[in-house]
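As structure tokens, the structure follows; a few thoughts come after it.
Derivation of every value follows stated rules applied to the coordinates shown; laboratory data play no part. These figures come from a predicted structure and were not determined experimentally. Every residue, glycine as well, gets a Cβ built from its backbone with ideal geometry; the counts of neighbours run over all protein chains shown.
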Amino acid sequence: MQITFKELARNVKKGAFPPVCILYGDEIYYTQKIIQITEKFVKETNNENNLFILDGKKQKLNDALLILQEVGMFSSFKLVIFRDAHQLKEFQPLSKDKNNSLDVFLKYLDTPIPQHYLILAFEDPEKKLDERKSIIKKIIEHPNTAAHKSEKVKDYKLKDWIKQYVMDIGRMIDDRAAFKIAENIGNDLIRIEKEIEKILINTQPKEEITEKHVNQYTFINRDYNIYELQKALAEKDVLKANLIIKY
């Protein structure tokens, strides 16, 4: 079943994992955030020994099922994160599932082992999960599956996304600052988050983020100035070059 990012993140933070979680879509940021939240929970609950990281380039879907079906001696909790799941042959659009791995997977979904969890992370937006396939559709819509399909934030919604992001972490940002970040970075949410983190580190906990902070603590203006400096030097505009360097 489909689930929103906020609902999924809220559940994962408190350890309420679905038996199977599928992360896919056009925006890699949300997939990475869920994995970060998951790994933080595992560390905080001292479950590192019960976390298994698999790689779609090297391992098969059946490897995950073998881990999930094995009952542990010392802990009932077990979590498998399958990175680069788009590399798994079973999920590639033109491949044929000769071993019926997806059928086996679907049967596992019917009776998952309690407290054993799987996260399938499709981390290449160019290699889309083919939802038209009947078996894929059944897996996504299964009641024991939580599927989050992420979408790129539209340019005209970026300013509001930034304001909401800052608000969610307990801070405030004014319109001019949010607009400047959106205008200069675009919908690269990973970079936006990194630039905001720089501002948070260098400002007081209750201080509102302003355009001055954006100019002072991020690379947004510096990236622009380097380009302008190179242009001024190429045009032998000494006055403009000196003004940029001074700024």
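If I stretch the segment between residue 11 and residue 165 completely, what's the gain in nm (0.36 nm per residue apart, minus their alpha carbon distance), one decimal?
That pair, residue 11 and residue 165, stretches by 53.6 nm at full extension.
State the label only: which of (i) 7, 26, 26, 19, 13, 6, 2, 0; (ii) 6, 25, 29, 23, 14, 3, 0; (iii) 6, 27, 31, 21, 11, 3, 0, 0 corresponds to P(r) over Cα pairs in 10 Å bins from 0, in percent computed from the shown model?
Calculated P(r) over Cα pairs in 10 Å bins from 0, in percent: the matching label is (i).
Give the calculated FRET efficiency between residue 155 and residue 113 to the nearest 0.05, with a Förster radius of 51 Å applied to their Cβ-Cβ distance. Write out the running numbers ahead of the final one.
Working: r = 44 Å, r/R0 = 0.87.
According to the calculation, E is roughly 0.70.
Label points 7 Å out from Cα along the Cβ direction at residue 176 and residue 37: separation in nm?
3.4
Just name one of 202, 182, 233: the one whose Cα is farthest towards the positive end of the charge dipole of the stretch 155-240 (beta-carbon charges, Lys/Arg +1, Asp/Glu -1).
Of the candidates, 233 comes out farthest on the positive side.
Using the structure shown, select from 57/198; 40/149; 128/163 the pairs with a Cα to Cα distance greater than 28 angstrom. If you can, show how the numbers build up before the last one.
On the way: 57/198 34 Å; 40/149 22 Å; 128/163 30 Å.
Cα-Cα > 28 Å for 57/198; 128/163; rest within.
Where the only charges are on Cβ atoms (+1 Lys, Arg; -1 Asp, Glu), what is the dipole of the chain about its Cα centre, to the nearest 20 debye?
With Lys and Arg at +1 and Asp and Glu at -1, about 60 debye.
How large is the charge dipole for the stretch 5-150, taken about the Cα centre, if only the Cβ atoms of Lys, Arg (+1) and Asp, Glu (-1) carry charge, to the nearest 20 debye?
With Lys and Arg at +1 and Asp and Glu at -1, about 120 debye.
Quick one: length gained pulling residue 197 to residue 71 fully straight, 0.36 nm per residue minus the C-alpha distance?
41.3 nm
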